[in-house]
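Comments concern the structure below.
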Amino acid sequence: MADKGPSVLDDVLLQPYWDAATKGKLLLKHCTACGKNHYYPRPICPHCFSDKTEWLETKGEGTIYSWSVERRANPPYSIAYVTLPEGVTILSSIVDCDLNKLAIGQKVKLGFTEHDGKPAPVFRPA
């Protein structure tokens, strides 16, 4: 069966996420039932399966957990797992930096770039 992409319901449920992203803010979901945060935001908590979730704005900072550089690309680029103080780790890109100076544990700050017509979270060295 072919993938039909996101549904209209998905678009409605994620609209606060996209609205915040266009303003340079990254939202997570916080589950009021189990107290855990999760990303990518979805209405059902992946930890306890509760529907008691609410939006939580991140501080806009993080720490590189792991990273890799794709040097065969032109230009080379980096992808990284970034751990946020809110307790989630997200896959993103590290941009506007010397790729040879990236390090695990390095502090980074949130930014956004456009990808497929939508704002996508990226990080820059702090």
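We did not get these values from a lab; they are worked out from the coordinates using the rules stated. Note that the coordinates shown come from a computational prediction; the quantities given were computed from them, not determined experimentally. In this analysis, Cβ positions are derived from the backbone assuming ideal geometry, glycine residues included, and neighbour counts consider all displayed protein chains.
Does segment 112-123 contain any residue that is over 23 Å from Thr22 (Cα atoms) and either part of a loop (DSSP other than H, G, I, E, B) or touching a strand residue (DSSP E or B) at 6+ places or on another chain (Cβ under 9 Å) (or both)? Among the residues of segment 112-123, not one is over 23 Å from Thr22 (Cα atoms) and either part of a loop (DSSP other than H, G, I, E, B) or touching a strand residue (DSSP E or B) at 6+ places or on another chain (Cβ under 9 Å) (or both), which makes the answer no.
For segment 88-105, the criterion of being touching a residue at least 40 places away in the same chain (Cβ under 8 Å), over 23 Å from Arg42 (Cβ atoms), surrounded by 15 or more Cβ atoms within 10 Å (Cβ to Cβ) and not aliphatic (A, V, I, L, M) is satisfied by no residue at all. Filter segment 106-119 down to residues that are without any contact (Cβ under 8 Å) to a residue 60 or more places away in the chain and surrounded by fewer than 17 Cβ atoms within 10 Å (Cβ to Cβ) and give me whichever is farthest from Trp67 (Cα to Cα). Here the answer is Gly117. Taking the conditions exactly as written (of a type in the set (Ser, Thr, Tyr) and within 16 Å of Ala21 (Cα to Cα)), does Ser93 satisfy them or not? In short, yes.
Yes or no, residue by residue, for (1) in contact with a Pro (Cβ under 8 Å, 6 or more places away or on another chain); (2) outside any loop (DSSP other than H, G, I, E, B):
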| position | (1), (2) |
| --- | --- |
| Gln15 | no, yes |
| Lys25 | no, no |
| Cys34 | no, no |
| Arg42 | no, no |
| Ile90 | yes, yes |
| Ala103 | no, no |
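Just one of the numbered conditions (1) touching a residue at least 24 places away in the same chain (Cβ under 8 Å); (2) within 19 Å of Pro121 (Cβ to Cβ) is not true of Glu54: (2). Going through segment 60-87 one residue at a time, which ones are surrounded by 13 or more Cβ atoms within 10 Å (Cβ to Cβ), assigned to a strand (DSSP E or B) and of a type in the set (D, E, K, R)? Selection gives Glu61 alone.
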